[in-house]
1. Is segment 39-55 home to any residue that is out of contact with any helix residue (DSSP H, G or I) (no Cβ under 8 Å at 6 or more places or on another chain), outside any strand (DSSP E or B) and modelled with pLDDT of 85 or more?
2. I'd like to know if segment 86-94 contains one or more residues that are under 21 Å from Asp128 (Cβ atoms) and not in a loop (DSSP other than H, G, I, E, B).
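The values are calculated or read from the model by the stated rules, or taken from the named source; none is laboratory data. Keep in mind the model is a prediction, meaning the values are calculated, not measured. Reconstructed Cβ throughout: ideal geometry from the backbone, glycine too, with neighbour counts over all protein chains shown.
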Amino acid sequence: MQSTAQIPETLVFDDEPLSMCTTPLEPWLEQQQLVLCSERVSPSCLRRYVAQWKLHRGCLYLSAVRSFGGHAFVRRRGGYLTSELSLIGLFPQARGPVCADWYSGQLRCPIGPALRSGNGGDTVHEKDMLVDIEAGHVERIAFRHNDGEPLRVLAHVREAPLGAPA
């Protein structure tokens with residue numbers, strides 16, 4: 001069980017960086033059978049990297065990856081081929097942010113002051129921004145108030161894409 005709070009990944013939403021409680025790169029690393037190797041592992045970042053993500057034109061993009069706790073490399077499981085842990089190291093063809101078309105799931109970003117701390121380092125904040133992603137595409141953005149107020153849906157993207165005129 002993880003007892004130390006982990007350094008969060010970041011989601012840039014409306015030019016505002018938000019901490020994420022989700023790690024969308026993990027399924028891709030597993031699918032590609034990639035292993036991260038680093039000089040040190042910090043107890044505050046057991047995954048060995050910090051990634052920055054952004055929502056742009058209805059899609060989730062990986063915009064940056066850097067090692068945490070020392071220099072890090074990526075190698076294929078059972079292989080010797082290595083590359084530096086970076087956006088270009090993971091996606092050599094990338095000339096900018098990479099659409100996270102491998103990811104389907106829900107991103108959770110806590111917002112506001114902490115209301116209470118739970119076991120295992122889980123902290124409940126005033127509200128959560130919940131972003132439903134399907135194959136890299138934003139399906140829905142909603143805000144859940146953790147004080148009992150009902151879920152408020154900001155947008156169903158298939159009906160009204162982000163950035164579309166109202």
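1. Kept after step one, since they are out of contact with any helix residue (DSSP H, G or I) (no Cβ under 8 Å at 6 or more places or on another chain), are these residues of segment 39-55: 39-46, 48, 50, 52-55.
If we keep only those that are outside any strand (DSSP E or B) too, we end up with 39-41, 43-44, 46, 48.
Checking which are modelled with pLDDT of 85 or more leaves us with none.
Among the residues of segment 39-55, not one is out of contact with any helix residue (DSSP H, G or I) (no Cβ under 8 Å at 6 or more places or on another chain), outside any strand (DSSP E or B) and modelled with pLDDT of 85 or more, which makes the answer no.
2. The initial filter retains those residues of segment 86-94 that are under 21 Å from Asp128 (Cβ atoms), namely none.
No, segment 86-94 has no match at all.
Here's the yes/no breakdown for (1) surrounded by fewer than 14 Cβ atoms within 10 Å (Cβ to Cβ); (2) closer than 27 Å to Val138 by Cα; (3) touching a residue at least 40 places away in the same chain (Cβ under 8 Å); (4) of a type in the set (Asp, Glu):
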{"position": "Asp15", "(1), (2), (3), (4)": "yes, yes, no, yes"}
{"position": "Leu25", "(1), (2), (3), (4)": "no, yes, yes, no"}
{"position": "Arg40", "(1), (2), (3), (4)": "yes, no, no, no"}
{"position": "Val50", "(1), (2), (3), (4)": "no, yes, yes, no"}
